[in-house]
Amino acid sequence: MIEDHEEENMLNICSYVDEKLQEYRHQLIKQPESTVMVLAALSITEELFELRQQLSELEKNDTLMMKRMNSKIERLLEDIRG
């Protein structure tokens, strides 16, 4: 059985893919449908890879920030303990 949120998510994905296809259809009027579909798929994939890269960089920054904060907290605790 499909959950309501899964169905809604799938409809959103379908809508997004359709928007990309329409965008490329308007830009590439004389190209075969298969070319339009491949280019739309590559565009979506490029967006995915860029977002994954951004997420990875944010996670690295978060990890670095947490290490710095932990270090400062440890120093503060050492100062408090004397």
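Just so it is clear, none of the values below were taken in a lab; they were calculated from the coordinates. Quick caveat, the model's predicted, so the values are computed rather than measured. Cβ sites come from the backbone with ideal geometry, for glycine too, and all protein chains shown count toward neighbours.
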Integer Hz, Karplus 6.51/-1.76/1.60 couplings in order for region 11-25, x for Gly and Pro: 5, 5, 5, 4, 5, 5, 4, 4, 4, 4, 4, 4, 4, 6, 4
DSSP-assigned coil residues among GluC sites (Glu not before Pro) in region 9-82, each with at most 14 further Cβ atoms within 10 Å: none
Two-site FRET efficiency, residue 47 against residue 72, from Cβ-Cβ distance with R₀ of 30 Å, rounded to 0.05: 0.20
Correct choice for P(r) over Cα pairs in 10 Å bins from 0, in percent that was computed from the model, options (1) 17, 47, 31, 5; (2) 14, 28, 21, 17, 11, 6, 3; (3) 15, 22, 21, 17, 12, 9, 4, 1: (3)
Virtual spin-label span in nm between residue 79 and residue 59, 7 Å along Cα→Cβ: 3.4
Centre separation in Å (Cα based) which lies between region 34-80 and region 7-32: 28
Rounded to the nearest 20 debye, dipole of the chain from Cβ charges on Lys, Arg, Asp, Glu: 640
FRET efficiency for residue 30 and residue 6, using Cβ-Cβ distance with R0 set to 41 Å, rounded to 0.05: 0.60
Over the chain: helical MRE at 222 nm, DSSP H runs n ≥ 4 each giving -39500 (n - 2.57), nearest 500: -32500 deg cm²/dmol
Reachable lysines, given that their alpha-carbon falls under 27 Å from the alpha-carbon of residue 60 and they are not under 8 places away in the same chain: 72
Partners for residue 20 among aspartates and glutamates (Cα-Cα distance below 14 Å; same-chain residues under 8 apart left out): 33, 46, 47
